[in-house]
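Just below is one structure, and these are the notes that go with it.
The values are calculated or read from the model by the stated rules, or taken from the named source; none is laboratory data. Since this is a predicted model, take the numbers as computed values, not measurements. With ideal geometry, Cβ positions are generated from the backbone for all residues, glycine too; neighbour counts draw on all protein chains shown. Heavy atoms of the whole protein, side chains included, go into the accessibility calculation; ligands, DNA and RNA do not. Shrake-Rupley method; radii C 1.70, N 1.55, O 1.52, S 1.80 Å.
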Amino acid sequence: MAENQGRGTPREVSQKPPQRWAGKDILGIQEISVAEIELILDTAASFKEVSTREIKKVPTLRGKTVINLFYEASTRTRTSFEIAAKRLSADTINISASSSSVVKGETLIDTAKNLEAMKPDCIVIRHSAAGAPHLLARLMDVPVINAGDGAHEHPTQALLDLFTVREKIGRLASLKVAIVGDILHSRVARSNIWGFIKMGAEVHVAGPRTMKPAEVERMGVHWHTSLSEVIPIADVIMMLRIQLERQEGGFFPTLREYSRLFGLNMEVMMAAKPGVLIMHPGPMNRGVEISPEVADGPFSVILDQVTNGVAVRMALLYLLVGGEKESERSSL
Amino acid sequence: MAENQGRGTPREVSQKPPQRWAGKDILGIQEISVAEIELILDTAASFKEVSTREIKKVPTLRGKTVINLFYEASTRTRTSFEIAAKRLSADTINISASSSSVVKGETLIDTAKNLEAMKPDCIVIRHSAAGAPHLLARLMDVPVINAGDGAHEHPTQALLDLFTVREKIGRLASLKVAIVGDILHSRVARSNIWGFIKMGAEVHVAGPRTMKPAEVERMGVHWHTSLSEVIPIADVIMMLRIQLERQEGGFFPTLREYSRLFGLNMEVMMAAKPGVLIMHPGPMNRGVEISPEVADGPFSVILDQVTNGVAVRMALLYLLVGGEKESERSSL
Amino acid sequence: MAENQGRGTPREVSQKPPQRWAGKDILGIQEISVAEIELILDTAASFKEVSTREIKKVPTLRGKTVINLFYEASTRTRTSFEIAAKRLSADTINISASSSSVVKGETLIDTAKNLEAMKPDCIVIRHSAAGAPHLLARLMDVPVINAGDGAHEHPTQALLDLFTVREKIGRLASLKVAIVGDILHSRVARSNIWGFIKMGAEVHVAGPRTMKPAEVERMGVHWHTSLSEVIPIADVIMMLRIQLERQEGGFFPTLREYSRLFGLNMEVMMAAKPGVLIMHPGPMNRGVEISPEVADGPFSVILDQVTNGVAVRMALLYLLVGGEKESERSSL
């Protein structure tokens, strides 16, 4: 299905054997292959249509249990996973750290082992510690999806970003992608750098010197210290959220100064290519890293990213939890 | 169905064409017409029966997504909406401000736009700012239900109150309704004043002078500064919750003083009409604005209000989300 | 079904009339009979299989509403009840104290009465006050399940512990069960003492003198002040969680001292019987009351307890909410 029902090419490639997901988890973009990314994006394309139906629900994961285990506050990511699971007819359980045994001092591993003992079919985890999802995945048989781990990776964000660019431009290879802002602390940046490079794009990053990760050149990206260097060449401009608390950490002098140097506004946009895509993972600081005119303007695909997030997460849940069931695939 | 299956009059008026809901949202009682209120109450009457069934569920909104976006704490209203949605087979997503991107400083509009991008079918919002639901409704295509906005309106509360009075007394026109307490800060009072007046009732309000809104006479109600003036004439007495924090604001001297002047107890009830209905939107301060003997007494319909709240909210979700689907109506 | 479809003995005892649950609530082990406990355990045995299916869901409680009303933070118990309800196809509503009308000062009784007015089919309550569930059960027609009340009882924990021991050893009668730790403050200990004694086991408790309840001998248990006295004779060793905040209360001098005297580690285990079962209700303080080697070792059934918790809670919900419906039993 995944390969065969992409938008526009319904069934003509059905001679190719249906692809399956071989791995157990989705922990990071760094760990997965180009073929796996393509499988996810193709599957997401076929699921995107479900959310446009009158009855936005398929029985694919009926009787399955998806646990959203969130150790950091989140609206959009948790809601996106919850909606994705429900549109697949899975049951969802939300656990947030504040109401959990974390209060009682239980270890992450014990919490996870206990949840696994209740026989869920997937655990989606967000945690402030890099590597937390990987630790769980090693110790558990149940599939684990990383919904953001510290400053490390946010793979489902990168996959929805790849999906959005591929959908809007039609390809990923040889595109020039600019990622702008606090690269050092951004799991979104890290996952997107791995993802776009894997898919053959050329990645340029720009931000304050204080926010440049030591390993950035080793990742294969081009580093710029000025926004004006990347704007004219970019096919895609991804603005990162600036964490206001970084100012206290001394990473930048003032919000006004940051905005003057790295904020995307209409004036800066004058130098951009026609048809450039403007992206932001949200939540936005309007007037800081992006001006309202640009965020709501004709080149912005920021809300498309959100819409596509549901489709990508439906695809991942399907591939990890229900992908192996040939009989269930027909029910899509 | 709505008009035709009122309790006691199952089908005999089926010659009248089925009514439809024309608007997109439910923002306030002030904005809706008498015919619309009647449509809602009639529809609620037919849904009330569902909660008495062995299997309390109809497939009407299967595959629809209802988001409860609550910026203020709430048990009864959020639970009532959630139960209403689930009894219609909709999927529900709960978002409370404490666990949301509000923490990250995102604007209300961006939060709502992001939620809309996930393709929900209805957003139920409670917010401390008057007008917040109206702002969202203007910016979004998805239906919005106001579950309480600041001191402005709480339309679903007024609708369930109208429903309860009509159910118990059989009509609304020409009834004398007394609303007692902190009129100034009460969205419940404001919505009920609009609602009862629209439906032809005569509304009397009583409370401390400090809690009299400037516009109250312009709303068409009769203002009283003494409880003893309204008790003998009222067919319905609605006691408002006194917010304990108002004492610090200097709106009344002490709880004891407030209770002595505006509390409803058995002694005060001696002057009431036989068959008077005692209402309270909850949560009650027992022994302050209402004595336990009255709250739990034979004239109290306080728990009927809660029961009817589920039916009214089912009706609203049905009318806004699923009302236009003739084919689905037969599945009720 | 309960008696007749136990694992291994599918139908051969069908001449016995099917058992029904006579009571309305599950408030404590102290109140229920041996026959009732057996009915629950037998029913749980038949439900345990559901969680091993490809589609882990039965339609038994479709259209029923289960409210989880938690006044204390909880991951495992709330999640276990929520999963149990969903696997029976019930709708679940979660209410936690922090987001509830508790904030507004409403009484527990009014909160419960209001919830009941929304026509749920079961209320699961955890509360810091002993007796809170009993109070609700007396005032409401809806079934109430005690999910932990103060230091009083945690009956569903005891039932899953009884289930686990019966499953692993094959019987409960005449077993020697050691419960170790803070007996005084433990609702888990209290419920398990009642439960194991009712089922014919011999209960030995060990802990610091400061944590010995006054009534412990009256409960029919053997009191020990040294761990070394109970280890060699026990068929089952249940370690209790030590609440770290008890140290401030002066109940024990230091964690190290507590652990030295009452912690279960490999050295202490040398004196245990072969085949002894090691239990813990969780969450564990690893390295305090139990060492990681023991918690994760071959005699530990700690994760089995969690798995069985879902089955036991499915059984309780079935018996209390859906047990009387002969027609629905066939749908299991």
Requested in this report: Would you check if there is a residue in the stretch B:158-180 being within 15 Å of B:G282 (Cβ to Cβ), assigned to a helix (DSSP H, G or I), charged (D, E, K, R) and touching a residue at least 40 places away in the same chain (Cβ under 8 Å)?
Outcome: yes
Requested in this report: Please verify whether the stretch A:181-202 includes one or more residues that are part of a strand (DSSP E or B), open to solvent by less than 30 Å² (accessible area, probe 1.4 Å), within 21 Å of A:A271 (Cβ to Cβ) and touching a helix residue (DSSP H, G or I) at 6+ places or on another chain (Cβ under 9 Å).
Outcome: no
Query raised in the report: Right, C:A311: open to solvent by less than 10 Å² (accessible area, probe 1.4 Å), more than 9 Å from chain A (Cβ to nearest Cβ) and either in a loop (DSSP other than H, G, I, E, B) or at pLDDT 95 or above (or both) or not?
Result: yes
Report summary line: Filter the stretch C:127-140 for residues that are touching a residue at least 40 places away in the same chain (Cβ under 8 Å) and under 18 Å from C:L320 (Cα atoms); the one that is surrounded by the fewest Cβ atoms within 10 Å (Cβ to Cβ) is C:H134
Query raised in the report: Hey, any hits in the stretch A:217-238 for a residue that's over 27 Å from A:R286 (Cα atoms), modelled with pLDDT under 95 and of a type in the set (D, E, K, R)?
Result: yes
**Report entry** Residue check for B:Q15: farther than 19 Å from B:V142 by Cα, at pLDDT below 95 and either of a type outside the set (F, W, Y) or surrounded by fewer than 17 Cβ atoms within 10 Å (Cβ to Cβ) (or both)
**Finding:** yes
**Report entry** Residues within the stretch A:91-108 that are open to solvent by 10 Å² or more (accessible area, probe 1.4 Å), within 9 Å of another protein chain (Cβ to nearest Cβ) and either on the phi < 0 side of the Ramachandran plot or modelled with pLDDT of 95 or more (or both), tallied
**Finding:** 10
**Report entry** Counted residues, the stretch B:274-296 - those being in contact with a Phe, Trp or Tyr (Cβ under 9 Å, 6 or more places away or on another chain) and within 11 Å of another protein chain (Cβ to nearest Cβ)
**Finding:** 1
Requested in this report: Find the residue count for the stretch B:240-262, including only residues that are touching a strand residue (DSSP E or B) at 6+ places or on another chain (Cβ under 7 Å) and either within 14 Å of chain C (Cβ to nearest Cβ) or among the small types (G, A, S) (or both).
Outcome: 1
**Report entry** Top-ranked residue of the stretch B:60-90 - restricted to ones that are open to solvent by 20 Å² or more (accessible area, probe 1.4 Å) and closer than 21 Å to C:V321 by Cβ, ranked as farthest from the other protein chains (Cβ to nearest Cβ)
**Finding:** B:S89
Report summary line: Restricting the stretch A:137-157 to residues that are assigned to a strand (DSSP E or B) and among the β-branched types (V, I, T), the one nearest to the chain's Cα centre (by Cα) turns out to be A:I145
Query raised in the report: Considering only residues of the stretch A:203-216 that are part of a loop (DSSP other than H, G, I, E, B) and of a type in the set (A, V, I, L, M), which is modelled with the lowest pLDDT?
Result: A:V216
Requested in this report: Evaluate the stretch A:186-197: report whether one residue or more is under 16 Å from the mean Cα position of the chain (by Cα) and over 22 Å from A:I233 (Cα atoms).
Outcome: yes
Query raised in the report: Hey, among C:K113, C:K48, C:K57, C:K119, which residue is open to solvent by 10 Å² or more (accessible area, probe 1.4 Å), more than 22 Å from the chain's Cα centre (by Cα), touching a residue at least 12 places away in the same chain (Cβ under 8 Å) and within 11 Å of chain A (Cβ to nearest Cβ)?
Result: C:K57
